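Following: one structure in C-alpha cells, then a few remarks.
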Ligand code: EZ4
Ligand code: CO
C-alpha cells in the first residue's frame, strides 16, 4: 500500500480551510486538516513544496515511521507550521489505516471508553441579559456545557462576541482589524456575568470562560478567586503560556480549574504544566499538535498527572479535524470536554461527515476510517480569501495579546 498521490486543497466555504488528501496505489484515500488560521498558505506551501514530494512511494501503513521521518528529518523541529503539516499527513494516514482495516479509527485506538463525546457550545452576546437568552438556546439544544462570553462595558468590541451567534469567526479581514482592551474594566465585569448565569440556570450546567491570554498571573489569580462561587468547569487561557511556570502563581491562589493549550503544538509546550499539575485540562488538538499520533502522547502524559483533555474545536478547525478529534476523545481514559463551535452549512457541505450531535454529545460515525471527506468539486467553487486574526491594543495604544 504505497502513497501514489497527495494533494493540498485550499477552499473558503465561508472561511479558509487547508486539507491534505492522500491516495494510495490500491485506491484508498485519506484526509487530514492542515488549517492554521490566518497563516493558511504557509502550511499549504510547506506541504506542497517540501512534504508531498517525499511522501510519494512511501508505505502508507507506516504512520509512526512517517511521523518521525517528517519531524526528525526536517531538522527544524516543532512550531505551528511544521506541526500542522505533520498533523495533516498523520491524520490522513490514520484515515487510510482505518479504511484498510475496515474499522472506524477509534477501534484502532483501543475502542470506546465512553458512550459519546460531551461538547460545549459558545453562548455570547454584548449584554448580560442577552447572554442569558443565548445560554438558554444551548440548553434547549441539549448542551450540558456552555462557554459564556459577553461584551465589557466601556469597550467597543470583545473577544468571543460574534456578529453571527452560532458561527463566531474572528479572522474577519485581509489585514488585522484592531480592538481595544482594558483589564480593569474586564475584571470588574466578569464575576457579575457568572453570578447572573448561575442564578438563572442553577448548579448543574457546566460553565466555562475563555480569557484569551489577556491577563498576568496575579490578575488571573484574582479573577479565578472571584469566580469560585460560580463553580466554573474551567477558566481558559488565563495568561500567555510561553512561560509555563507562570501558572504556579495562579494555582496557589484559586481552585477555579485551569485549561490551556489551543496554541501549543507539541508535548514540549505543556510538559511542565502537566507534570507539575499546574493545569486541569489540556486543550491541544489534532491539527495543531502533530496529529492523532502526537496528541495521543500528550493525552497519555496528561493521564499520569490527573489532567484531562479539553480539545480546541473552534470554527477554524475543519470537520476533518473534528472527526479525528472525536475518534481520539471517545477512546482515551482521561477525556474531559470537547469544544464544538458549529460550522456553517456551506462548510458542512464541502466536508461531508458521519459525526452527529445528539443530547449534548458528538458521536463519531461507524464507517471505516475517520468518516469524513472533502468534496473537491464543491471546494473549488470557494477560492481562498485572505483573512487574518485581530490585533489587540491597550487603551493607550500598547500592543497586547489578542
Ligand atoms: O481564538 O480558534 O477557544 N477558542 C478560541 C478560538 C480562537 C481561534 C483562533 O483561530 O479561543 O476562538
Ligand atoms: Co480559546
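The values are calculated or read from the model by the stated rules, or taken from the named source; none is laboratory data. Remember, it's a predicted structure, so these values are computed and weren't measured experimentally. Using ideal geometry, Cβ is built from the backbone for each residue, glycine included, and neighbour counts are taken over all protein chains shown.
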Checklist outcome for this item: Flagged in region 313-332 as away from ligand 2 (no atom under 16 Å from the Cβ) and closer than 20 Å to residue 206 by Cβ, in numbering order, are 326, 329, 330, 332
Checklist outcome for this item: Conditions (1) surrounded by 16 or more Cβ atoms within 10 Å (Cβ to Cβ); (2) touching a helix residue (DSSP H, G or I) at 6+ places or on another chain (Cβ under 8 Å) -> residue 333 fails only (1)
Checklist outcome for this item: Going through region 126-135 in order, the residues found to be over 22 Å from the mean Cα position of the chain (by Cα) and in contact (Cβ under 8 Å) with a residue 40 or more places away in the chain are 128, 131, 132
Checklist outcome for this item: Across region 382-402, the tally of residues that are touching a residue at least 24 places away in the same chain (Cβ under 8 Å) and surrounded by fewer than 16 Cβ atoms within 10 Å (Cβ to Cβ) stands at 9
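Table: residues versus (1) in contact (Cβ under 8 Å) with a residue 24 or more places away in the chain; (2) buried (at least 19 other Cβ atoms within 10 Å of the Cβ).
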position	(1), (2)
67	yes, yes
72	no, no
89	yes, yes
97	yes, yes
113	yes, no
117	yes, yes
Next on the checklist: Report every pair of residues separated by at least 6 positions or lying on different chains whose Cβ atoms are under 6 Å apart, first residue within region 312-331 and closer than 13 Å to residue 88 by Cα and in contact (Cβ under 8 Å) with a residue 12 or more places away in the chain, second assigned to a helix (DSSP H, G or I) and away from ligand 2 (no atom under 16 Å from the Cβ).
Outcome noted: 324/91; 324/292
Checklist entry - Is there a residue in region 308-322 that is modelled with pLDDT of 95 or more, in a helix (DSSP H, G or I) and more than 16 Å from ligand 1 (Cβ to nearest atom)? => result no
